[in-house]
Amino acid sequence: MILSKEQVVDTFMNTTLEGEYNFLQEDLIKLANAFVAAAAPEIIKEERQRCIEAARSLNHLVAERMAQIRNQ
């Protein structure tokens with residue numbers, strides 16, 4: 001996932017920071033996308049686990065098979 005320039009600028013402008021920062025727009029976009037890339041694997045892992053738990057609440061056999069496929 002990559003954030004658009006508008007998303008990055010909007011988020012930056014609406015975030016209260018401790019100090020005054022004057023980032024170049026290109027650097028701000030690179031930094032934001034680096035954070036997204038760093039967080040993505042954990043977000044994906046959590047989402048997959050939630051899907052398995054949702055399936056488990058309906059059919060434990062399907063959930064176990066999903067877990068097996070995910071672990072391959």
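The values are calculated or read from the model by the stated rules, or taken from the named source; none is laboratory data. Predicted, not measured: the structure shown is a model, and the values here were computed from it. For accessibility, only protein heavy atoms count, side chains too; no ligands or nucleic acids. Shrake-Rupley method; radii C 1.70, N 1.55, O 1.52, S 1.80 Å.
Using a ≥ b ≥ c from the Cα gyration tensor of region 21-65 (square roots of the eigenvalues), is it rounded, prolate or oblate, where a/c under 1.5 gives rounded and otherwise the larger of a/b and b/c decides, a/b for prolate?
Prolate is the answer for region 21-65, as a/c is 1.5 or above and a/b outweighs b/c.
Please report the relative contact order for the chain, taking Cα pairs under 8 Å with a sequence separation of at least 6, and give it as a percent rounded to a whole number. Could the numbers behind the result be given before it?
Numbers: 27 pairs, mean separation 20.8, N = 72.
Value for the chain: 29 percent.
For the chain, which whole-number percentage of the solvent-accessible area (1.4 Å probe, protein heavy atoms only) is attributable to carbon and sulfur atoms?
Carbon and sulfur: 57 percent of the exposed surface of the chain.
Give me the 1.4 Å probe accessible area per residue for the chain, excluding ligands and nucleic acids, in Å².
For the chain, the per-residue accessible area is 87 Å².
Report, in deg cm²/dmol and to the nearest 500, the calculated mean residue ellipticity at 222 nm for the chain, where each DSSP H run with n ≥ 4 adds -39500 (n - 2.57) and the sum is divided by the residue count.
One gets -25500 deg cm²/dmol as the mean residue ellipticity at 222 nm.
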